[in-house]
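Trainee: Have a look at this one.
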Amino acid sequence: MRKTILPILAATTWISISEFARNQFWLIADWTEHYNKMGLIFPAEPANGAVWGIWSLCLGIFIFILSKKYTLFQTTMLAWFAGFIFMWLVIGNLGVLPMQILPYAIPLSFLEVLIATWIIKELSGNSATN
């Protein structure tokens, strides 16, 4: 259990902190302005944060599963593609993605997944296959 639950929870915590910092501190003005232009209010209520917490947990579990079979780089690439590229395609298609954040969000989200993958590999004892 220590090599499963702890790595997933540690990665989930990192992902949640990273997401919160990026979207609620660094990029909040871009999100708020974009939503205001659409006549909407950027959703930042606790219930919205809880859903992002569930998303972070799901991404952490996904990374954990991938990390059992793939190297650090392969796991990072697969998890980043599934976790972020697919999400951006969907929210971009819905028109709720402020495109001006992508130059910041792309490298920061990749770093987020890379660190989460490293955390999982280190704490699960699966770092030998890096």
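The values are calculated or read from the model by the stated rules, or taken from the named source; none is laboratory data. Bear in mind that the values here come from a model prediction, so they are computed numbers and not experimental data. FYI the Cβ positions are ideal-geometry reconstructions off the backbone, even for glycines, and counts take in every protein chain you see. The protein model used for the area step is the full one, side chains on, heavy atoms only, and it has no ligands, DNA or RNA in it. Shrake-Rupley method; radii C 1.70, N 1.55, O 1.52, S 1.80 Å.
Trainee: Just the residues that are part of a helix (DSSP H, G or I) and farther than 19 Å from residue 104 by Cα, please, taken from region 22-44.
Mentor: 36, 37
Trainee: Taking region 63-91, which residues are assigned to a helix (DSSP H, G or I) and over 14 Å from residue 112 (Cα atoms)?
Mentor: Step one: filter region 63-91 for residues assigned to a helix (DSSP H, G or I), giving 63-67, 72-91.
Across region 63-91, the qualifying residues are 64, 65, 66, 67, 74, 86, 87, 88, 89, 90, 91.
Trainee: Determine whether residue 82 is out of contact with any Asp or Glu (no Cβ under 6 Å at 6 or more places or on another chain), loosely packed, with under 13 Cβ neighbours inside 10 Å and on the phi < 0 side of the Ramachandran plot.
Mentor: The answer is no for residue 82.
Trainee: Read through the list (1) under 21 Å from residue 108 (Cα atoms); (2) hydrophobic (A, V, I, L, M, F, W, C); (3) out of contact with any Phe, Trp or Tyr (no Cβ under 9 Å at 6 or more places or on another chain); (4) open to solvent by 40 Å² or more (accessible area, probe 1.4 Å), then give the number of the only condition that residue 47 fails.
Mentor: Every condition holds for residue 47 apart from (1).
Trainee: If you don't mind, another one. Quick one: would you say residue 17 is over 14 Å from residue 124 (Cβ atoms), touching a residue at least 12 places away in the same chain (Cβ under 8 Å), open to solvent by 40 Å² or more (accessible area, probe 1.4 Å) and of a type in the set (Val, Ile, Thr)?
Mentor: So residue 17 fails the test.
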